[in-house]
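Accompanying notes for the structure given below.
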Amino acid sequence: MPDETTAVATPPHLQLVNVWKRFGEAPKQTVAVRNVDLSIEPGAFVTLIGPSGCGKSTLFSMISGLLPPDSDGSLLLNGKVQQDGALLGKIAFMPQRDLLFPWRTVLDNATLALEVEGMPRRRARAKAEALFPEFGLGGFEQHYPHQLSGGMRQRVALMRTFLFERDLILLDEPFGALDALTRSMMQRWLLDIWAKHRRTVLFITHDIDEAIFLGDKVVVMTARPGTIKCEEAITLPRPRDLGVVTTPEFMAVKKKLLAVVEEESLKTFAAASP
Amino acid sequence: MPDETTAVATPPHLQLVNVWKRFGEAPKQTVAVRNVDLSIEPGAFVTLIGPSGCGKSTLFSMISGLLPPDSDGSLLLNGKVQQDGALLGKIAFMPQRDLLFPWRTVLDNATLALEVEGMPRRRARAKAEALFPEFGLGGFEQHYPHQLSGGMRQRVALMRTFLFERDLILLDEPFGALDALTRSMMQRWLLDIWAKHRRTVLFITHDIDEAIFLGDKVVVMTARPGTIKCEEAITLPRPRDLGVVTTPEFMAVKKKLLAVVEEESLKTFAAASP
Amino acid sequence: MNARALARSPVASVVYVAAAWLVLVPLFKVQPRYLPPLPVVLADGLSVWPDLVAGFWRTLVETVLGFLAGVVLGVGFGIAFSASRIMERAFLPIFVALQTVPVIAFGAIVVIWFGNTIMAKVVIALYLAFFPIAVNTLRGLELADPQRIALMKSFGASHLQLFLKLALPTALPNILIGMKLAVALSLAGAIVGEWFGDTVGLGVMLLQALYFEQIPRVWVLIIACGAMGTLLYGALVLLERRFVWWRTD
Amino acid sequence: ADPVSVRLKWVAQAQFAGVYVAKAKGFYEAAGLDMTINPGGPNVNVETLVASGADTFGIASGTEGVLYAREKKLPLVAIGMSQQITPFAYVAYTESGINSVKDFKGKRVATWMVGPQYTLYSVLAAEGLKQDEVNIVSQPFSMQPFIDKQFDVATVTLYNELNTLKEQGITNIKVFMPDDSGVTTQQDAIVTSETMIKDKPAEVQAFLDATLKGWKYAFEHKSEAVDIVMAAGSGLERKHQELMLDEIERVMTAKAGTTEGLGYMDMKSIETVQADLIKFGAMKTPVDLKSAFDSAFWAKVPDADKKM
Amino acid sequence: MAYGLRFIRSAWPVASALALLLLLWQFGAAALDIPTYILPRPAEIFVTAIAKWPLLGDALTVTLIEAVGGFLLGAAIGIVLAVLMILVPPLEALLMPIAVVINAVPSIAFVPLVLLWFGLGMESKIAIGALAVVLVVLLNLLAGLKRPEADAINLMRSFGAGRIGILWRLQLPAAMPGLVTGLRVGLARSTIAVIVAEMMGAYSGIGQVIYQATGQVDYLTVWAAVFVASLGSLALYGVLVAIDRKLVWWR
Ligand SMILES: Nc1ncnc2c1ncn2[C@@H]1O[C@H](COP(=O)(O)OP(=O)(O)OP(=O)(O)O)[C@@H](O)[C@H]1O
Ligand SMILES: Nc1ncnc2c1ncn2[C@@H]1O[C@H](COP(=O)(O)OP(=O)(O)OP(=O)(O)O)[C@@H](O)[C@H]1O
Ligand SMILES: Cc1ncc(C[n+]2csc(CCO)c2C)c(N)n1
Ligand SMILES: [Mg+2]
Ligand SMILES: [Mg+2]
């Protein structure tokens, strides 16, 4: 597969070739990610699902450059092999836990990435303030994280990621703590942004509906040690609205994916050892 | 309404009368919960939904005795008014953040509540170990929390709550970080347990399907300042299986609740002030 | 790879310093009274080797006893302070003030009470050691996450359980910092304690070296004190690596 | 026998050779004393420890120290004085142009501000200088500031600092002795408490007998005495101790030390010192010298034990 | 006015505890008939402190200047070292053992050397005060800087933050409580180190007063000096606590 890159005119935005990740030493070793091959085209919206603990977050850590993949495989960005850590600062990454800083106000948490980039504080704040109503956080600019609800914290983390404008965005269950409607509002808002800017998005979710509704392609991972079980292209027309959920195409894809995921999830519960 | 309590034979398991919670001082005050009246019958499975930040977790903190309600209202357990903190130790409470202790292994995190109760460590461990496969955590007994995925941590927190056997169980988005199938397995497992032991369950979720599938009654909260918007009794026959989701009754309830929740969620995004 | 690890080990730093001392002192012709050449210092150390060994052991015993007593007392006060704000407000400032009272001021009383016994040294080592432990224990206990406290309370945890299962593990990393500071102070306490009329110990030798202006001997004793302090510190680090590896978030 | 102890004013060294010898040669034991020798140090105050009963006997600072203690109501009694001439002296570099105490005028003169400063004041007064004509500063334990010429004049003890200077190769110095200006302050007082004198005079007598006998033996067997001292202290330098013992012998056997015997108390010099201390404001009221300095025990020490 | 009230509210526990201890001491000493030369009574000490105020006040000024100077210098060095060690990990491996060795040697052992190197004036006291502070601050700050969990550091890295960015925006704020603890302990240590150094050689200062008075069996003056020094360091501590409130504001 690596030789593909030389053949095509525009290389995939992101390419994973035989990526592995093992934790710990031999007798107590956990293989988190195994033999992952994946290509993501520029501007694509790819969603990733898989059973809990299958290695999705680990995969993201490797893509964002935080965790070196084991030496077996490699990671390519725009066709170029990336050395350890080379991807830091090139990808907007939202981790699964919100990781807000307790000593910063909500506003200053949101501008964190901008500050790191060197934007003057004044400008960063102005830029962030404009987004607060859109994220349903109007009026909470000067609160501290411990004064927010779980869902509100998650929205602050998402805002922080969005203010860090990068071509490739990794979102790890960004809507996990949101109620159905806030969630669907955020989904539509995300699709709007994406349609406007055409950034490449990789999106982890545990909600199959969400995965289908948002994605150009749904990637399903197997139970741990996680690898790619299958990829499903979603051809539903865009722009999509909530009604799409009840269309027969949607139902068909959902059924298919449900079956695959169920098979994998059950493995987790078959008295497994790490 | 308080006079009801004297009239009925068996009082409600839990009753909230004009419960309020305000944070901070006058000019920057956030009213989190406002005028909540709620009765929960013994053995009922009540689910609670509402927009993000509407005060659900705050309500739980008050019920579990961690946060005193403002002096306007009162909290009754089995018909008896509960003074501040009197409920501590009487209710099994699972908070929204997993709050695992980093210095304890997964197994020892699970047995925490049992240890607090004074159960000998050996017995507590034996009891917990038996549950690990059921929770899809087999083989992870001796891992530490930082070695787990988000969903696995949540399952440990849930296990910890379940081992603390109390008549009233409060679960704050217990399945928020689980993939669809793990989630549905855990749901069915929860219903089984509940059917067997008939404990009273109060369950926060942001998933309307989940709320309907599990509940005897779905309580919907308004946007902040949160109060009860409406209560919807769910008369779907039990035991329920996944198929119930496609029945017309289910669909009808869902439609109704969606409309209500949507109305409230939108309020959050109308340039609000705290 | 192993060579690299060795090059970064604590032993290596000591070797670097020794090498620098060996080379730089003759190179810059540093006057011996500012810093004598290393071989001179080593030779002087060898010339009093038996006394040095005997002194080392005696001082080590005093230090360890005083340190352990300081840990007990310091952790005890740290706990009392965190349990009661009034206690903290009332007594912590007094302890701070006590830190300024030179041992010399009450040394006479200590000697009158304990004579030339090992207890006199232990009491003085304890007096110096307990303060950093108390402050760090207090700070560590305050770090316990309110939400975790709430969780424990919801399980009906008693104050004791809250303390043992949550507050103490949260505070342990900080307590260890306090202990690492205190171990050096209890060594200082033992040394000064020996100045109140003892006959054996590094402190006695140090006093004599100071009085007789034997600069190489002063350096011998500085090295001996440093070695003992580092030994004790290293033991604490091992303890920490083994038992207190977590971070409190 | 009751256990008793003697507290020294400093760490083990030849300054106290007599005490160590008396112990090592069994003189104390023979006198029925179960003796422990407790060394001192910069933080230890012999007067307090002996007055409080923590130690039975002591080799305390000297004339001034005993006077201060009595003025502060410490029940302390001197029963002998080790050093017969002032053991302090003043040193200046030969090239400094200071040829007599009179030349201290306008110079930076360092001395120990723990008592010996009054000896300096007396010397200055005896030479007709006023205190404020001289810039007097506190001298640390170290001679280094003097070596670095931070002071023009420094104070030394004849038995220690002077030797230290010599050992460091500093020979271009002049030494000014207080006794040459007619100022004598005896040092290293042998003390005990009023209680002991009242309750156990026999033990006090035994102690003084054995101690002076120890000194006599030490001066007669210097090499053995140094051996005994070396064994008592850790890491001492033999050469330095030998020099110290020589000097100590000189100041202990000077003047009445030979004519009257070791440990003689020179009441006249004591009276002068007290008068000077009152003059300089160091003491407010004179103390009863008869009860502070009790020569009765010394008088009963057999000549064989105290006369060289 | 509001500030005065707050001060009174936070000061009354110390004041009453202090009063209680002093009363206990005063009457305990009287009851046990402890002579003045062993342990004077607080009232006598107080009277002496006032009577000798011209002397003690001057000495205290000198000592406090040296203590604060040493404290500031030591804290600055400690902070810079901790930051350097975090930025350049090999430096930590190299310097930490040396720092530990130096810290293990009682400051008193360095006093003669420092007097030799820096003379009898203020410089040597400031140096010894700084030495007493450096490691406390270094150790506490370093531990604080290492407190943030790997996930939070990773987040910053994913934003492209370098070591400095992570240090400034994540590690330093997280280390504030640790730093403050270090400063608290360090302040007490610098004061005592300065006093001890003054005892062993100085032209003025509380340590000299104590040293000279001890030599003259004048325990009342010794204790009066100790008392005045403690009040002085208590005042410094008060300032530090106020700073602490500003540095760790988010709790
Ligand atoms: N530091 C670590 N040490 C050991 N094992 C680890 C570590 N980090 C992750 N793992 C293991 O790797 C596996 C995959 O974890 P990961 O967080 O990637 O799962 P996930 O797919 O994101 O799950 P979830 O949906 O529950 O968040 C898990 O089994 C976990 O136990
Ligand atoms: N300590 C606090 N101080 C100030 N405001 C607070 C505090 N705790 C909660 N709040 C506010 O109370 C409101 C309700 O919070 P709560 O956590 O109960 O929401 P929730 O319904 O659980 O939301 P989610 O579904 O997002 O978890 C929020 O607006 C929050 O900002
Ligand atoms: C800090 C200090 N003070 C005094 C002396 C000198 N000294 C030693 S013993 C003694 C008492 C009189 O015999 C004196 C003054 C010193 N070396 N260092
Ligand atoms: Mg994950
Ligand atoms: Mg919540």
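Per the Kirkwood definition applied to all pairs of different Cα atoms, how many angstroms is the hydrodynamic radius of segment C:1-155?
20.3
Just to be sure I understand the curve: with the Debye formula and one point per C-alpha of segment C:49-243, what is log10 I(q)/I(0) at q = 0.09, 0.10, 0.11, 0.12 Å⁻¹?
Debye output, listed in q order: -0.40, -0.48, -0.56, -0.65.
For chain E, what is the calculated [θ] at 222 nm in deg cm²/dmol (nearest 500), taking -39500 (n - 2.57) for each run of four or more DSSP H residues and dividing by its residue count?
-28500 deg cm²/dmol
If the reach is capped at under 16 angstrom between alpha carbons, list the aspartates and glutamates near D:Lys239, excluding any in the same chain fewer than eight residues apart.
Correct list for D:Lys239: C:Asp44, C:Glu213, D:Glu161, D:Glu167, D:Glu224, D:Asp227, D:Glu247, D:Glu249.
Label position 7 Å from Cα toward Cβ: report the copy-to-copy distances for A:Ala126 in nm, one decimal, ordered from shortest.
7.0
Report the charge-dipole magnitude of segment E:40-247 in Debye, nearest 20, computed about the Cα centre from +1 at each Lys and Arg Cβ and -1 at each Asp and Glu Cβ.
Dipole magnitude for segment E:40-247 comes out near 560 debye.
Can you pull the mean other chain C-beta count within 10 Å for peptide E:114-122?
So the per-residue partner count for this stretch is 4.
List every DSSP H helix in chain E whose Cα atoms extend 27 Å or more along the helix's own long axis and whose mean Kyte-Doolittle hydropathy is at least -0.5.
E:2-32, E:53-87, E:122-145, E:172-200, E:219-247
Regarding segment E:61-120, what are the three Cα extents along the principal axes, ordered largest first, in Å?
On the principal axes, segment E:61-120 reaches 39, 22, 17 Å in Cα extent.
Across the Cα atoms of chain D, what radius of gyration and what greatest pairwise Cα-Cα distance (Dmax) are found, in Å?
So, for chain D, Rg and Dmax equal 18.9, 59 Å respectively.
Which net charge results when you count Lys and Arg as +1 and Asp and Glu as -1 among the other residues whose beta-carbon is under 13 Å from that of D:Ser52?
Around D:Ser52, the charge tally is -1.
Can you tally the net charge around B:Lys229? Count Lys and Arg as +1, Asp and Glu as -1, for every other residue whose Cβ sits under 15 Å from the Cβ of B:Lys229.
With Lys, Arg at +1 and Asp, Glu at -1, the neighbours total -1.
Using only the heavy atoms of the protein chains and a 1.4 Å probe, how would B:Lys254, D:Lys198 rank by accessible area, largest first?
D:Lys198, B:Lys254
In whole angstrom, and with the biggest value first, how far do the Cα coordinates of segment E:32-101 range along each principal axis?
Projected onto its principal axes, the Cα set of segment E:32-101 covers 59, 31, 14 Å.
Heavy atoms only, 1.4 Å probe, whole protein assembly: order E:Ile65, D:Ile136 by accessible area, highest first.
E:Ile65, D:Ile136
Rounding to the nearest 20 debye, state how big the charge dipole of chain B is about its Cα centre with +1 on each Lys and Arg Cβ and -1 on each Asp and Glu Cβ.
520
For chain D, what is the calculated [θ] at 222 nm in deg cm²/dmol (nearest 500), taking -39500 (n - 2.57) for each run of four or more DSSP H residues and dividing by its residue count?
Here the helix-only value at 222 nm equals -12000 deg cm²/dmol.
Which whole number gives the average count of other chain Cβ atoms within 10 Å of the Cβ atoms across peptide D:49-59?
That works out to 3 on average.
Dividing the Cα radius of gyration by the Kirkwood radius, what Rg/Rh value follows for segment C:181-249?
With Rh from the inverse mean 1/r over Cα pairs, Rg/Rh is 1.15.
Which lysines, if any, have their Cα less than 29 Å from the Cα of A:Lys56, not counting same-chain residues under 8 positions apart?
A:Lys21, A:Lys28, A:Lys80, A:Lys90, A:Lys196, A:Lys217, A:Lys229, A:Lys254, A:Lys255, A:Lys256, A:Lys267, E:Lys146
Against the empirical 2.2 N^0.38 Å scaling, what ratio does the C-alpha Rg of segment A:16-57 come to?
Against the empirical 2.2 N^0.38 Å value, I get 1.41 for segment A:16-57.
Return, for the Cα atoms of segment A:114-246, the radius of gyration and Dmax in Å, separated by a comma.
Cα-based Rg and Dmax for segment A:114-246 come out at 16.3, 47 Å.
From the gyration tensor of the Cα coordinates in segment D:1-156, what semi-axes in whole Å does the equivalent ellipsoid have, largest first, with each one equal to sqrt(5λ)?
Rounded to whole Å, the semi-axes are 36, 17, 13.
Once both axes come from the Cα atoms, what is the angle between helix A:180-197 and the longest principal axis of chain A, in degrees from 0 to 90, rounded to 10?
Once rounded, the angle reads 90 degrees.
Give me the net charge for the shell around C:Tyr211: Cβ to Cβ below 14 angstrom, other residues only, Lys and Arg +1, Asp and Glu -1.
Neighbourhood net charge equals -3.
Please enumerate, by chain and number, the lysines with C-alpha under 17 Å from the C-alpha of D:Lys279, excluding those fewer than 8 residues away in the same chain.
D:Lys130, D:Lys268
Quick one: with all protein chains in place, what share of the accessible area of segment B:97-165 is carbon or sulfur, to the nearest percent (1.4 Å probe)?
Percent of accessible area from carbon and sulfur atoms in segment B:97-165: 47.
Report the semi-axes of the equivalent ellipsoid for segment A:97-165 in whole Å, largest first, where each axis is √(5λ) for an eigenvalue λ of the Cα gyration tensor.
Value: 17, 12, 11 Å, ordered largest first.
Within chain C, what's the longest stretch lacking chymotrypsin sites (Phe, Trp or Tyr not before Pro) that sit in DSSP loops with no more than 16 other Cβ atoms inside 10 Å?
C:35-244
Tell me the accessible surface of C:Arg217 in square angstrom (1.4 angstrom probe, heavy atoms of protein chains only), to the nearest ten.
Approximately 10 Å² for this residue.
Could you check which residue among B:Gly53, B:Gly243, B:Gly139 shows the biggest mean-square fluctuation in a GNM of chain B with a 10 Å Cα cutoff?
Of B:Gly53, B:Gly243, B:Gly139, the Gaussian network model singles out B:Gly243 as fluctuating most.
If you wrap a convex hull around the Cα atoms of the protein assembly as shown, how much volume per residue is inside, in Å³?
Measuring per residue, one finds 212 Å³ for the Cα hull of the protein assembly as shown.
Filter the DSSP H helices in chain C by two things, a Kyte-Doolittle mean of at least 1.6 and an axial alpha-carbon span of 24 angstrom or more, and list the hits by number.
What comes out of the filter, once short or polar helices are dropped, is C:10-27.
Would you mind putting E:90-99, D:285-294 in packing order, based on average other-beta-carbon counts within 10 Å, highest first?
Output ranking for E:90-99, D:285-294: E:90-99, D:285-294.
With every protein chain left in place, what is the accessible area per residue of segment A:97-165 in square angstrom, probe 1.4 Å?
The answer is 35 Å² per residue.
From the P(r) of segment A:188-274, could you give the percentage of C-alpha pairs in the tail past 19 Å?
Percent of Cα pairs beyond 19 Å in segment A:188-274: 44.
At a 1.4 Å probe radius, which order do D:Tyr217, D:Tyr68 fall into by accessible area, largest first?
D:Tyr217, D:Tyr68
Which value in Å does the Kirkwood hydrodynamic radius of segment B:1-107 take, with 1/r averaged over all unlike C-alpha pairs and then inverted?
Every distinct Cα pair counted, the radius reaches 15.4 Å.
So what are the three principal axis dimensions of segment E:154-197 from its Cα atoms, in whole Å, longest to shortest?
51, 17, 10
Work out the mean other chain Cβ neighbour count within 10 Å for the residues of C:70-80 and drop it here as an integer.
0
Quote the Stokes-Einstein diffusion coefficient, in whole µm² s⁻¹, for segment C:25-117, based on the Kirkwood radius over alpha carbon pairs, a temperature of 37 °C and a viscosity of 0.692 mPa s.
Answer, rounded: 184 µm²/s.
With only alpha-carbon pairs counted, each pair once and no self-pairs, how large is the Kirkwood hydrodynamic radius of segment D:177-242 in angstroms?
After inverting the mean inverse Cα-Cα distance, the result is 14.9 Å.
Looking only at Cα atoms, what is the convex hull volume of chain E per residue, in Å³?
Taking the convex hull of the Cα positions in chain E, it is 161 Å³ per residue.
To the nearest 500 deg cm²/dmol, what mean residue ellipticity at 222 nm is calculated for chain B from DSSP H runs of n ≥ 4 alone, each contributing -39,500 (n - 2.57), summed and divided by the residues?
Rounded to the nearest 500, the figure is -10500 deg cm²/dmol.
Summarise the long-distance tail of P(r) for chain A by giving the % of C-alpha pairs beyond 22 Å.
59
How many angstrom lie between the C-alpha centres of segment B:79-131 and segment C:1-60?
55
The values are calculated or read from the model by the stated rules, or taken from the named source; none is laboratory data. Here the structure is a predicted model, which means the values were calculated and not measured. Using ideal geometry, Cβ is built from the backbone for each residue, glycine included, and neighbour counts are taken over all protein chains shown. Quick note on the areas: whole protein, heavy atoms, side chains included, nothing else; ligands and nucleic acids left out. Shrake-Rupley method; radii C 1.70, N 1.55, O 1.52, S 1.80 Å.
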